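Let me begin by presenting the structure, written as structure tokens, before commenting on it.
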């Protein structure tokens, strides 16, 4: 069983004449959470299905630690499909035990693991309830348990946070972070950009079947941040408009957002502001993931 | 977390058994299944006991007869003869209702006999005493009419019922897995062929155990009610039926699974399952309609879908040579392999295709 980085290389896929994935390449590093972001129909689920071998690609390769994926390697992956599904009439614990056993755990080990995991996910009181009797959020937790129970080296989760309340989001996020800290490679897609931004070490942004941006979150932030600064103070900052090298983006009495031609210009602005009065806030403004997303998919 | 136990890769056999085990436990826990099984067994038991009672007490008609006629009547059987001295005593017995009729010798009658009855003479008695000409058949019909018919219905019905009862759930459980997308998780754990094999195995075990249970109930019933001569004649054909049923069911199970895999919603499963349903019903109807046509029956006993019904019937009436069931079984095994391979191909190709019904050609080509 190889381990290490999961790497997609120039993966392509067409349905008929429609190309849905074009030259998709990005890494999923072990021990990190990689967020996979894109609009509806951008190609996230198709990419994930190709990684799992549920769908054949038309070209390109997927490797783990440099080794081409085979059925046996893929069977050690954990997967949570986009459209949730477990056997409605099976008990929660029984179901998760079944999946663990399909991955090769003995009955006793599978039961111990499933119980511990379901407890970690806050389902300890529902172990013997039928899946269909659970609320959607709890079904989702059971679903996550099903994808994690065999302790996969690689975890592929399609929208793991959709439909969860904020508390449940924290629980699931904690479980994923814990797995990543143990060296698991985690790739997950989400529309909740704030959650992705907070959790992920790496980001992959896909649109129209092509990768628009990929890399460490902080690097992307820097790369896509305009040289934009923020200033708030006690005095009126109207003078900013006449400052050379400064373009005011937003202005309101004592505070302003502005772009500069040079970092030195920003420092000059700060000195000038301090001459006028107190400065309560000054610093470079980082774009949020939502802003980067909007920018790169255009 | 506990110290991490290491999983060992699941072998094909283990995987198949795990899937089969889940099918079994789900089914055995379903109340509907348990109740319908109990009803089926009760009906079988009731039938056997009823047959036993009605054959153990052949209605014997009480008859009064004079010494000259008594011995002849007793030889015919079916009559409970009371010997009387003469006409008066006979008339008294008939009037009191102790006997249904009296047969006395009377030289004035053309036949030399007179029947005395209250309102109507028993038909069977009249027939027995009437002289009919000897019949000589040049081409006697080997089929013993109604019993052949009943046997055909019995085997055909059991085959059809069991095929529907255990085949339909295979198709619906495949659709359930597709509809709930459990299939995506399953296929990221085990290969499609293992899943298919496990489903077929689990449901075949269920079907066969039900058949064996039926046979056991029937056997015990026959022994208890003393119908051992039927048992001796049926034993061989029933065992052959069970053997043919086993492979016939595997054949159908693979087809039901393939049919289920071609649709994404329970509402659509009827469409792809219908052809398979016909295949389970055809043997039943053909055997009933053409039960006494030796050519059709011989053909039916070799066609894989109707062999489980056709061959045991021919065996029961000693119409088949000893090697015929073996040859038919060989054909069945070949058909099994071919259908399973085709079924697995359709299954593998269709499982992940959601939405519209997968076309048959598309499913085969992949």
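Please verify whether residue A:182 is in contact with a helix residue (DSSP H, G or I) (Cβ under 7 Å, 6 or more places away or on another chain) and under 30 Å from residue A:80 (Cβ atoms), treating the condition exactly as stated.
So residue A:182 fails the test.
All but one of (1) under 23 Å from residue A:204 (Cβ atoms); (2) part of a helix (DSSP H, G or I); (3) more than 10 Å from chain B (Cβ to nearest Cβ) hold for residue A:119, so report the exception by its number.
(1)
Which one of these does residue A:114 not meet: (1) in a helix (DSSP H, G or I); (2) within 8 Å of another protein chain (Cβ to nearest Cβ); (3) buried (at least 23 other Cβ atoms within 10 Å of the Cβ)?
Exception for residue A:114: condition (2).
Output the helices (runs of 4 or more DSSP H) that fall wholly within the stretch B:294-358 and possess 3 or more residues being surrounded by 21 or more Cβ atoms within 10 Å (Cβ to Cβ), or say none.
Values: elements: B:294-300, B:307-316, B:324-350.
Per the criteria, B:307-316, B:324-350.
Taking only the stretch A:57-102 into account, find how many residues are in a loop (DSSP other than H, G, I, E, B), at the interface with another protein chain (Cβ under 10 Å from one of its Cβ atoms) and within 20 Å of residue B:352 (Cα to Cα).
10
Would you please list the contacts, defined by Cβ atoms under 8 Å and residues six or more apart or on different chains, that run from a residue in the stretch B:71-93 that is at negative phi and surrounded by 14 or more Cβ atoms within 10 Å (Cβ to Cβ) to a residue that is at pLDDT 80 or above and assigned to a helix (DSSP H, G or I)?
Once the first residue is at negative phi and surrounded by 14 or more Cβ atoms within 10 Å (Cβ to Cβ) and sits in the stretch B:71-93, its partners that are at pLDDT 80 or above and assigned to a helix (DSSP H, G or I) give B:82/B:93; B:84/B:90; B:84/B:93.
Output the number of the condition that residue A:39 fails; it satisfies all remaining conditions of (1) within 19 Å of residue A:189 (Cα to Cα); (2) away from every other protein chain (no Cβ under 12 Å); (3) buried (at least 23 other Cβ atoms within 10 Å of the Cβ).
Answer for residue A:39: the failing condition is (3).
In the stretch A:1-31, which residues are assigned to a loop (DSSP other than H, G, I, E, B) and touching a residue at least 60 places away in the same chain (Cβ under 8 Å)?
A:1, A:2, A:3, A:4, A:5, A:29, A:30, A:31
Take residue A:283 and tell me if it is loosely packed, with under 14 Cβ neighbours inside 10 Å, out of contact with any helix residue (DSSP H, G or I) (no Cβ under 6 Å at 6 or more places or on another chain), assigned to a strand (DSSP E or B) and without any contact (Cβ under 8 Å) to a residue 60 or more places away in the chain.
Yes.
Output the residues belonging to the stretch B:169-204 that are part of a helix (DSSP H, G or I), facing another protein chain (nearest Cβ under 7 Å) and touching a residue at least 60 places away in the same chain (Cβ under 8 Å).
B:184, B:187
If you take just the strands (runs of 3 or more DSSP E) that sit entirely in the stretch A:140-243, which of them hold at least 2 residues that are touching a residue at least 60 places away in the same chain (Cβ under 8 Å) and surrounded by fewer than 20 Cβ atoms within 10 Å (Cβ to Cβ)?
Qualifying strands (runs of 3 or more DSSP E): A:210-216.
Keeping to the stretch A:50-77, report how many residues are touching a strand residue (DSSP E or B) at 6+ places or on another chain (Cβ under 9 Å) and either crowded, with 18+ Cβ neighbours inside 10 Å or over 17 Å from residue A:185 (Cβ atoms) (or both). Step through it out loud before you land on a result.
Of the stretch A:50-77, the ones touching a strand residue (DSSP E or B) at 6+ places or on another chain (Cβ under 9 Å) are A:50-66, A:68-69, A:73-74, A:76-77.
From the residues that got through so far, the ones that are either crowded, with 18+ Cβ neighbours inside 10 Å or over 17 Å from residue A:185 (Cβ atoms) (or both) too are A:50-60, A:62, A:64, A:69, A:73-74, A:76-77.
Total satisfying the criteria: 18.
Quick check: is even one residue across the stretch B:18-28 away from chain A (no Cβ under 14 Å), modelled with pLDDT of 80 or more, assigned to a helix (DSSP H, G or I) and within 34 Å of the chain's Cα centre (by Cα)?
Scanning the stretch B:18-28, I find no residue that is away from chain A (no Cβ under 14 Å), modelled with pLDDT of 80 or more, assigned to a helix (DSSP H, G or I) and within 34 Å of the chain's Cα centre (by Cα), so the answer is no.
The values are calculated or read from the model by the stated rules, or taken from the named source; none is laboratory data. If you're wondering where the values come from, they're calculated on a predicted model, not measured in any experiment. So basically every Cβ, Gly included, is an ideal-geometry build from the backbone, and we count neighbours across all protein chains shown.
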